[in-house]
């Protein structure tokens, strides 16, 4: 894409795909060019390109009237290219366009890009051209987005079958565990009353997102839970419910994030089904938790236009090593108490 910027960074692709887990991914090759566009003769003293990868997590805790900030930072990548060796007297350039090519191999162990309110992992390129005395220097930057696709056993289903407190028999089925942003989650629910006067009145489905921020040095962490209602359906009281619902995952990454795990940040998701049961004017709830994985894109989309990669580049470019083996996170409580009737789900 053409731009009028005097200094510009153009990449072969703005998004790099890591295929596989941090321990087995081959990484990805970044290819691009720095373009210098001069409308008149100009003298430059130097031209550099820097690649930086940074991770940060932060949250605030309140104790009485005082608030304390907790934070941790990590340096993931630091690499520089000297495109024009520094020279005090400078280099004379005639008007025109000048191009400088560059390449870099990202280690597959690096964490992928994430931006949340309580932290981030990001990678940026910054180009700087130092001009002669009394002239403003030129600079520009561009973010590189890294996404990861791992085989998360997407062909495996999740099934919950059981009896809740001797009153309700339930069966819940989700055909796969992995879904992309914007996809629908088909969930089959079968609930039958085992006692007289017990009726199913409502089905509510939530997406529970848990974000854990951690400071490994002091073994301190903070967990935030976000609840997104996907479906709420009020029923005519019935002793038997059999239905299949299509639950839509938002496409907006601000509403829901991908599943994520790095040293400082972890994000995971639970699909929760809440069945309202009434007996003798007393209301109780069957709560079912089903873990799912949310990916940056649908399974098929991830394998379109994957960037080419050759291990031979490892011989020519230094890799910044990153240890991605976070300490264990506290286990979450999950309910495994299980609920065919066709209903149209409304939010």
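Counting neighbouring beta carbons within 10 Å and listing from fewest to most, the residues 293, 91 come out as 91, 293.
Most tightly packed first, judged by the mean number of other beta-carbon atoms within 10 Å of their residues, the peptides 33-40, 255-262 read 255-262, 33-40. Structural descriptor for the range 158-295: relative contact order 29 percent, calculated from alpha carbon pairs under 8 angstrom and at least 6 residues apart.
Which peptide among 240-246, 121-127 comes first, and what is the full order, when sorted by highest mean count of other Cβ atoms within 10 Å?
Details: 240-246: 17.4, 121-127: 19.7.
Result, highest mean first: 121-127, 240-246.
Sort 158, 99 so that the residue with the fewest other Cβ atoms within 10 Å of its own Cβ comes first and the one with the most comes last. Present the calculation step by step, with values, prior to reporting the outcome.
On the way: 158 15, 99 11.
Ranking 158, 99 by Cβ neighbours within 10 Å, fewest first, gives 99, 158.
Note: the range 87-222, Cα convex hull, 271 Å³ per residue. Taken along its principal axes, the alpha carbon cloud of the range 220-259 reaches lengths of 47, 26, 15 Å, longest axis first. Cβ crowding within 10 Å ranks 160, 288 as 160, 288, fewest other Cβ atoms first. The alpha carbon centroids of the range 31-47 and the range 119-163 are separated by 26 Å. For the range 158-295, the C-alpha radius of gyration sits at 1.20 times the compact-globule guess of 2.2 N^0.38 Å, with N the residue count.
Would you mind estimating how fast the range 6-149 diffuses translationally, via Stokes-Einstein at 37 °C and 0.692 mPa s with the Kirkwood radius over Cα pairs, in µm²/s? D = 188 µm²/s. Converting the Cα gyration tensor eigenvalues of the range 150-223 into ellipsoid dimensions via √(5λ) gives semi-axes, longest first, of 33, 20, 12 Å.
Taking a ≥ b ≥ c as the square roots of the eigenvalues of the Cα gyration tensor, the range 51-107 is classed as prolate, since a/c reaches at least 1.5 and a/b is larger than b/c.
Read the figures in this text as sums done on the coordinates, not as results from a lab. Everything quoted here is computed from the prediction, not taken from an experiment. No Cβ is skipped: glycine too gets one built from the backbone with ideal geometry, and neighbour counts run over all protein chains shown.
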